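Structure record follows, encoded as C-alpha cells.
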Amino acid sequence: MGLLDNQTQISYYENGEYGGYQFTSLEDIINNFIISYVGENKIIPKVRRTDVAFHAQRAIQELSFDTFKSIKSQEITLPPSNTMILPQDYVNYTKICWVDGNGIERPLYPTRHTSNPFPSLHQNDDGEYKINPIGTLTLNSNIVVLDGDYSNILVHGMRVEGPNLANASYIHLVTTTAGITSVTLKNKNGTNDKEALLTTNERLKITRFNYLGNGLRLANQTLTETTTTATAAIGDTQLNLTSVEGIEEGMFINHPAFVNNDVPVVDGGEIAIYVVGVGTSTVELSHPATFAVGSGDTVGFMSNNVDSRTWDSYSSDTSNSTSDASAYNHDTDIYDLNIGQRYGLEPSIAQANGSYYIDNLKGLINFSSNCSGKNIVLKYISDGLGTDEEMVVHKFAEEAMYKSIAYAMLSTSISGQGLVPRFKKEKFAAIRQAKLRLSNLKIEELTQIMRGKSKWIKH
C-alpha cells in the first residue's frame, strides 16, 4: 500500500527526477475520484470517465491561476529588435526583469505612456486611405506616368482605377526617375491587357488591393514589401531571384502568377501563398505558380509584421539607453519640468531599469531601448495543461481538486442539485486551506522580516 514500495533510495537518486513525491498526477486524481465518489450508494451513482477528466482539467486550470505555485520562467538575451516572443504556454506574467553582472534581478515596469497600435494605413494629404494622383495615360499602353514621387506604393498591393482604365488593373511594377513615378499595369493573370483607352491626363484612385495575387485578404493591414526580379515556370515552387535580401520565411508572395485555386483556403476562402524556405539565390514557396514568371519580372514579398510609428519612436529613443536616471526621460510627463527638484517626482516612473509593453495581439513583449542586449527574465503563469508532465497537483491541494470536481459534476447533474450548496461550501473551504498550505509561511522567515519593523518607511 505504501507509495514508495516500488522505489528504493538508490533508484530515486539515479533516475534524476527529484522532488516528484510532493505531486500527484492528474491520472491518479481521476482514478481516486472515481473510486471515492462514484458508484452505488455514493454521491455520484454513475458517470463517464471523460466527464471526470474534463472537470479535472478545468479544476487544474482554475487552481493554477491563483492557488498553485505554477509560475514558470524563461531567460533570453534581448535582440536588437527589443522584442521577446511570449512563451508557448503563456497565460499571464508575474514579473519581468533583467539580470545584471552580479546575478541581481532588476525589475522592469510596464509603460503607461506608449503602446504599439496597429500600423498606420496608407493615407493621402487629405487623410483618406487612398492615393489620388494625376496620371498620364497613353492609348493602348499599360504604363501610366504619375504626377510626382509615389515610390512607396506597393508593387502588387495596389489597385488602380480611372475613367479610361480597364477594370481590374493592378500595379505590376513601380519605377521612379527624377522624382516622377511610373507604374506598369497588368491583370490578375499577369498579362498586358489592361492598356489605357485614351491618351489623356486624369485623376486616378490607387487603393489597397484586397488580395495577394488571388490570395490572402489584407485590406486592413499595413504591409512592408521587398521587391526583386525573378523567373519561374508554370508549376514551379522554387523561384530564382537576383537577390534574397530582406526576404524571410513566412512572407507572402505577391505576383499575379501565383493564383492557384487548388491552394487550401484561409480566412473565409482566400488563398495565402508564402515563403517556406530561403536559399542563397532561390526561395521555396508553399504552392506552385499557375502562370509563368517571365525573365525580369518584379516579384513582391510582403510581411505584415510591421511595428507602428509609435513603437518605432519609443524603441529607438536614445535617451532610454543610459542608466543615468537624470537623463532617463521616457514614460514620464513631469521629470523634465523638475530638473534639480525632487518635490513632485512621480515615484512610479522614477527608475532607470527600463520598461516594457506587452502586445498580446502579436504575442510579443516590447522593451525600451536601454534593455537591448541584456539578459531578460520573464516569470509567467501557465494553466498547467501544457504537457502531460505538467498536469500534476501538489498534495497540499489534492483535496481541493476532489471538491472542485465533485462540485462541477453535481452542478451539471439534475439528480445532484440538492448537494450543490454543500459542495460549493466545501470547495471554497478546501481551496482556502490549499492556499494557506501553499503559502509556505515559516516562523523564521517571518521573524527575519519583522526585524525591519522599526525602519522608517517614507511615503
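The values are calculated or read from the model by the stated rules, or taken from the named source; none is laboratory data. None of these values were measured; they are calculated from a predicted model. All Cβ positions, glycine included, derive from the backbone under ideal geometry; neighbour counts span all protein chains shown.
Only one residue in Q7, Q74 is surrounded by 10 or more Cβ atoms within 10 Å (Cβ to Cβ), within 34 Å of the chain's Cα centre (by Cα) and among the polar types (S, T, N, Q), so which one is that?
Q74
Would you be able to say whether some residue in segment 434-457 is among the β-branched types (V, I, T) and assigned to a loop (DSSP other than H, G, I, E, B)? Before the answer, list the steps.
First pass over segment 434-457, keeping only residues among the β-branched types (V, I, T): 443, 447, 449, 457.
Restricting the remaining residues to those that are assigned to a loop (DSSP other than H, G, I, E, B) gives 457.
Checked segment 434-457: at least one residue is among the β-branched types (V, I, T) and assigned to a loop (DSSP other than H, G, I, E, B).
Taking the criterion of being touching a residue at least 60 places away in the same chain (Cβ under 8 Å), in contact with a Phe, Trp or Tyr (Cβ under 9 Å, 6 or more places away or on another chain), surrounded by fewer than 16 Cβ atoms within 10 Å (Cβ to Cβ) and closer than 23 Å to Q61 by Cα, would at least one residue in segment 393-405 satisfy it?
Yes, some residue in segment 393-405 is touching a residue at least 60 places away in the same chain (Cβ under 8 Å), in contact with a Phe, Trp or Tyr (Cβ under 9 Å, 6 or more places away or on another chain), surrounded by fewer than 16 Cβ atoms within 10 Å (Cβ to Cβ) and closer than 23 Å to Q61 by Cα.
Which of the residues belonging to segment 13-27 are outside any strand (DSSP E or B) and of a type outside the set (D, E)? Reasoning before the result, please.
We begin by selecting, within segment 13-27, every residue outside any strand (DSSP E or B); these are 13-22, 26-27.
Within segment 13-27, Y13, N15, G16, Y18, G19, G20, Y21, Q22, L26 qualify.
Which ranges mark the strands (runs of 3 or more DSSP E) fully within segment 124-236 that have 2 or more residues being within 23 Å of F252 (Cβ to Cβ) and modelled with pLDDT of 75 or more?
Working: elements: 134-137, 143-146, 158-161, 169-177, 180-186, 200-203, 205-208, 224-232.
Output list reads 158-161, 169-177, 180-186.
Sort out which residues of segment 360-391 are within 13 Å of N92 (Cα to Cα), surrounded by fewer than 18 Cβ atoms within 10 Å (Cβ to Cβ) and of a type outside the set (S, T, N, Q), and write them in order of number. Explain how you work it out, then say what you get.
Taking segment 360-391 as the starting set, the residues that turn out to be within 13 Å of N92 (Cα to Cα) are 360, 363-365, 378-384.
From the residues that got through so far, the ones that are surrounded by fewer than 18 Cβ atoms within 10 Å (Cβ to Cβ) too are 360, 363, 379.
Those that are within 13 Å of N92 (Cα to Cα), surrounded by fewer than 18 Cβ atoms within 10 Å (Cβ to Cβ) and of a type outside the set (S, T, N, Q): G363, K379.
Within segment 346-358, how many residues are of a type outside the set (S, T, N, Q) and either surrounded by 19 or more Cβ atoms within 10 Å (Cβ to Cβ) or modelled with pLDDT of 85 or more (or both)?
First, pick out the residues of segment 346-358 that are of a type outside the set (S, T, N, Q): 346-347, 349-350, 352, 354, 356-358.
Filter once more, so that each one left must be either surrounded by 19 or more Cβ atoms within 10 Å (Cβ to Cβ) or modelled with pLDDT of 85 or more (or both): 349, 354, 356-358.
Residues that pass the stated criteria total 5.
So if I check each of L436, L419, which one is exposed (fewer than 13 other Cβ atoms within 10 Å of the Cβ) and at pLDDT 85 or above?
Working: L419 fails: exposed (fewer than 13 other Cβ atoms within 10 Å of the Cβ).
Among L436, L419, only L436 is exposed (fewer than 13 other Cβ atoms within 10 Å of the Cβ) and at pLDDT 85 or above.
Can you confirm whether T290 is modelled with pLDDT under 80, surrounded by 16 or more Cβ atoms within 10 Å (Cβ to Cβ) and assigned to a loop (DSSP other than H, G, I, E, B)?
Values: modelled with pLDDT under 80: yes; surrounded by 16 or more Cβ atoms within 10 Å (Cβ to Cβ): yes; assigned to a loop (DSSP other than H, G, I, E, B): yes.
Here the answer is yes, as T290 does meet what is asked.
Name, by its number, the condition in (1) within 29 Å of A350 (Cα to Cα); (2) over 25 Å from the mean Cα position of the chain (by Cα); (3) in contact (Cβ under 8 Å) with a residue 40 or more places away in the chain that does not hold for G101.
Going through (1) within 29 Å of A350 (Cα to Cα); (2) over 25 Å from the mean Cα position of the chain (by Cα); (3) in contact (Cβ under 8 Å) with a residue 40 or more places away in the chain one by one, G101 breaks only (3).
Is it the case that S64 is hydroxyl-bearing (S, T, Y), touching a Gly at 6+ places or on another chain (Cβ under 7 Å) and closer than 18 Å to A434 by Cβ? Steps first, please.
Details: hydroxyl-bearing (S, T, Y): yes; touching a Gly at 6+ places or on another chain (Cβ under 7 Å): yes; closer than 18 Å to A434 by Cβ: yes.
Here the answer is yes, as S64 does meet what is asked.
Just name the residue that is modelled with the lowest pLDDT out of those in segment 44-82 that are small (G, A, S) and in a loop (DSSP other than H, G, I, E, B). Break it down stepwise before answering.
To start, the set of residues in segment 44-82 that are small (G, A, S) comprises 53, 56, 59, 64, 70, 73, 81.
Filter again for in a loop (DSSP other than H, G, I, E, B), leaving 70, 81.
On the way: S70: 67, S81: 83.
Of everything passing the filter in segment 44-82, S70 is modelled with the lowest pLDDT.
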